[in-house]
Structures are given as C-alpha cells and as structure tokens.
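The values are calculated or read from the model by the stated rules, or taken from the named source; none is laboratory data. All values derive from a computational prediction rather than experimental measurement. So basically every Cβ, Gly included, is an ideal-geometry build from the backbone, and we count neighbours across all protein chains shown. In case anyone asks, the SASA skips ligands and DNA or RNA and just uses the protein heavy atoms, side chains included. Shrake-Rupley method; radii C 1.70, N 1.55, O 1.52, S 1.80 Å.
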Amino acid sequence: KKILSSIFEHSLLLRLGVAMSTITLLGVISMASSIIIAGITQGSAATINQTGTLRMQSYRLASLVLLAQSQNTAAHWKDIEHGISRFEHTLYDPNLLGISVSKTNANSAISYRIIASDWQTQLKPRLADILQQGRTTLHHPVQKNLELLDEINSFVTKIDGLVHLLTLQAENRI
C-alpha cells in the first residue's frame, strides 16, 4: 500500500492518467444523461407541437369560412371541408389520443376529452351548418361570423390550456 501511494505521489504520468480517466468518465456520464433526457422528452415535444398545430388549424378554419363567404366559389367551400378533415386528422392522431387515456396525467386527459367533445358537439356541427348554408345562400350574416370567431377563440383558449399542461408535465419529467 505504501508503495502504491509512493508511486502515485511521484509519478506525474500516473496522476495525469487518473485525471484524464476521470474527465472521460464524467463526459460519458454527461452524454448518457443527455440521451436519456432527450428520450424522455421526445414524445412530449411531438405531442406539444401537434396540440399547438390545432390552434393554428382552428384559426385557419375561421379564415377559410370568411374567405369562402366573400368569394362564394365551390373551391373555397371545398377548402373548408379539407380544413375540417385536416383538423380531425391532427385531433385524432395517435400521439394526441394517447393523452385521452393517460392515467398519469389526468388533467391533460380531461382537457383533451373536453376539446374533442367540443369539436364534435359544437364547432364541427357549426362548420357543417355554415357549409350547408353557404352553398345555398348568397347572404352571410356578419353576426353569425362574429359568433363563429368567438367560438373559435374560446376553443383555442382550451387548446392553449392543454398545451400549457403538457409543457408543465414535460418539464416535470426532466
């Protein structure tokens, strides 16, 4: 034991080797922890991005309605149908559907189910009515447009709440 401590005290090369090994070990540990953290947050980031996309698509639907009403062409009314389809594709994507069955994130699950329910029972039927009426009438009441914009703003506020919950949950995992 005395021989080892004597060699260590007098050997600069040995001390340098131990220091380099320690630095290398810390680097490997740092990289491993970064990979683990990235893996943990990967799914969360995709889910947050898709939820944020719902906000944009909601406002896009509102602008498509206003454009279709002002231009009143078959192509513009068809754009609304495509917008509804894209919105539903995003809303029912497996990443987002996973939120609705999550037992560990009950608040997010409830929030997602409220958004999906509001879409099915309120916003989508209103858009379907607008499509039906828009194709058959030339006059589109401004009051109805204001109501639609209010409804979409309220809907987007709920989506914002879900994005906030998902962000907090992702931060808590780290």
Evaluate the distance, in nm, between pseudo-label points positioned 7 Å from the Cα of Ser117 and of Leu25 along their respective Cα→Cβ axes.
-> 5.6
By the scheme Lys and Arg +1, Asp and Glu -1, what is the net charge of all other residues having a beta-carbon under 13 Å from that of Arg126?
-> -3
Within the range 159-174, what residues put their amide N at less than 20 Å from the label point 7 Å along the Cα-to-Cβ vector of Ser33?
-> 170-174
Taking 0.36 nm per residue of separation between Val18 and Asn107 and subtracting their Cα-Cα distance, the length gained on full extension comes to 27.0 nm
Residue span Ser154 to Glu88: 0.36 nm per residue of separation minus Cα-Cα distance leaves a gain in nm of 22.0 nm
Describe numerically, in nm with one decimal, the distance between label points set 7 Å from Cα along Cα→Cβ at Leu97 and at His164.
-> 2.9
With every protein chain in place, the accessible area of Thr73 for a 1.4 Å probe, in Å² rounded to the nearest 10, comes to 50
Lys/Arg Cβ at +1, Asp/Glu Cβ at -1, dipole of the range 69-130 taken about the Cα centre: which of Thr90, Gln120, Asn105 is farthest positive-ward?
-> Asn105
How much accessible surface area, in Å² rounded to 10, belongs to the heavy atoms of Lys78 with a 1.4 Å probe?
-> 100
